[in-house]
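Asker: Following this message is one structure expressed as structure tokens.
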Amino acid sequence: MEISLPEGHAAAVEEAFATVAHIHRRMSFHERTSDLARMREAVPGEPVEVDADTVIVLRKAIELCRVTDGLFDVAVGRALVRGGFLPRTDIERLDRYVGATDDIEIVDECHVRCRRPVLVDLGGIAKGYAVDRAVEVLLARDVSAALINAGGDLRAFGDCDWPVELRDANGQIRFMVPVRNCALASSANLGNRRRYRGRTVSPHIGREGVSVLAEHRVSVIASTCIVADALTKVVMADRILAERVAGQFEARVLDMPAAGVPN
């Protein structure tokens, strides 16, 4: 993660990075002591104590799952482990994790329960949320303007335009867009695919557990990074649905023509 801002705000930057590190520890699939590890180890129906930030992200994931008719699903950990995109870590029986996002219940601000075993991967939306929280920290510290870039997820604020170059799925940079007081998330999987049981798979899972193989990068602009990141996954799988849902979150899909400038 990179934070660009005027000089004289070292303490604010340190606090922002500390907030991001906290979110990583709590919501990383890889961390054995994370909230996600606690959830996958819990007995179905048993309340699990988690961080308040984790509850916020899970609540947003449940909302996005509902409005996209289940297309946005954070309970894709099993498919991602099988495809080699996530480590197996301490998981003994992968086939027992049959739950979906709908099986996650928010008990209160610090507890959740899963009706069935669920292998949750918050992945991108946790990163988007970390960017949003970092912005909150900087604003609370009276930082006038900043750009936070978390590699595919970024957000800018302040009375200025931040020039952002967009990399295509093949790695080529063709476009630069000015970003001001908004979040921008981009995603692609052309260079991140594997072979699994004779099929090509990607880290983006669509309907009925089928991998989405997108040939192009997709980008979404929104007021928050958590929404922008989540909607890039929906755009990949169903552009029409994504555009309909985007309106509910004050977001829009960024169109990039084959040549020229962005629409």
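The values are calculated or read from the model by the stated rules, or taken from the named source; none is laboratory data. Because the structure is predicted, anything quoted here is derived from the model rather than measured. Cβ placement follows ideal geometry from the backbone for every residue including glycine, while neighbour counts extend to all protein chains displayed.
Asker: Out of 106, 62, I need the residue that is at pLDDT 90 or above and either at positive phi or touching a Lys or Arg at 6+ places or on another chain (Cβ under 6 Å) (or both). Which one? Walk me through it before giving the result.
Answerer: Details: 62 fails: either at positive phi or touching a Lys or Arg at 6+ places or on another chain (Cβ under 6 Å) (or both).
Of 106, 62, the one residue that is at pLDDT 90 or above and either at positive phi or touching a Lys or Arg at 6+ places or on another chain (Cβ under 6 Å) (or both) is 106.
Asker: Taking the criterion of being among the charged types (D, E, K, R), in contact with a Ser or Thr (Cβ under 9 Å, 6 or more places away or on another chain), within 23 Å of residue 229 (Cβ to Cβ) and not assigned by TED's automatic domain parsing to the domain that holds residue 27, would at least one residue in region 64-77 satisfy it? I'd like the intermediate steps shown before the answer.
Answerer: If we filter region 64-77 for residues that are among the charged types (D, E, K, R), which is where we start, we get 66, 69, 73.
Pick out the ones that are also in contact with a Ser or Thr (Cβ under 9 Å, 6 or more places away or on another chain) and you get 66, 73.
Of the ones still in play, those that are also within 23 Å of residue 229 (Cβ to Cβ) are 66, 73.
In the following step, the residues that additionally are not assigned by TED's automatic domain parsing to the domain that holds residue 27 were identified as none.
No.
Conditions (1) over 18 Å from residue 77 (Cα atoms); (2) in contact with a Lys or Arg (Cβ under 9 Å, 6 or more places away or on another chain), marked per residue:
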site	(1), (2)
10	yes, no
24	no, yes
36	no, yes
41	no, no
48	yes, yes
51	yes, yes
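For every residue, the table says whether it meets (1) in contact with a Lys or Arg (Cβ under 8 Å, 6 or more places away or on another chain); (2) of a type in the set (D, E, K, R); (3) within 20 Å of residue 82 (Cβ to Cβ).
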{"site": "170", "(1), (2), (3)": "no, no, no"}
{"site": "176", "(1), (2), (3)": "no, no, no"}
{"site": "196", "(1), (2), (3)": "yes, no, yes"}
{"site": "208", "(1), (2), (3)": "no, yes, yes"}
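Asker: Now a separate question. For residue 7, are the conditions met, namely being at pLDDT 95 or above and either charged (D, E, K, R) or in contact with a Phe, Trp or Tyr (Cβ under 7 Å, 6 or more places away or on another chain) (or both)? Explain how you work it out, then say what you get.
Answerer: Details: at pLDDT 95 or above: no; either charged (D, E, K, R) or in contact with a Phe, Trp or Tyr (Cβ under 7 Å, 6 or more places away or on another chain) (or both): yes.
It is false that residue 7 is at pLDDT 95 or above and either charged (D, E, K, R) or in contact with a Phe, Trp or Tyr (Cβ under 7 Å, 6 or more places away or on another chain) (or both).
Asker: Sticking with this one: Kindly check whether there is at least one residue in region 129-144 that is outside the structural domain of residue 22 (by TED's automatic domain parsing), buried (at least 18 other Cβ atoms within 10 Å of the Cβ) and touching a Cys at 6+ places or on another chain (Cβ under 6 Å).
Answerer: yes
Asker: Only one of 128, 123 is at pLDDT below 95 and closer than 18 Å to residue 21 by Cβ; which? Spell out the reasoning first.
Answerer: Numbers: 128 fails: at pLDDT below 95.
Step by step, each of 128, 123 is checked, and only 123 is at pLDDT below 95 and closer than 18 Å to residue 21 by Cβ.
Asker: Filter region 206-260 down to residues that are in a loop (DSSP other than H, G, I, E, B) and of a type in the set (A, V, I, L, M) and give me whichever is nearest to residue 196 (Cα to Cα).
Answerer: Residues of region 206-260 in a loop (DSSP other than H, G, I, E, B): 206, 210, 212-217, 223-224, 238, 250-251, 255-260.
Restricting the remaining residues to those that are of a type in the set (A, V, I, L, M) gives 210, 212-214, 251, 256, 258-259.
On the way: 210: 12, 212: 14, 213: 14, 214: 17, 251: 35, 256: 31, 258: 31, 259: 34 Å.
So the residue we want is 210.
Asker: Where in region 1-117 are there strands (runs of 3 or more DSSP E), lying wholly inside it, with at least 3 residues that are surrounded by 13 or more Cβ atoms within 10 Å (Cβ to Cβ)?
Answerer: Values: elements: 2-4, 104-108, 111-114.
Fully inside region 1-117 and qualifying: 104-108, 111-114.
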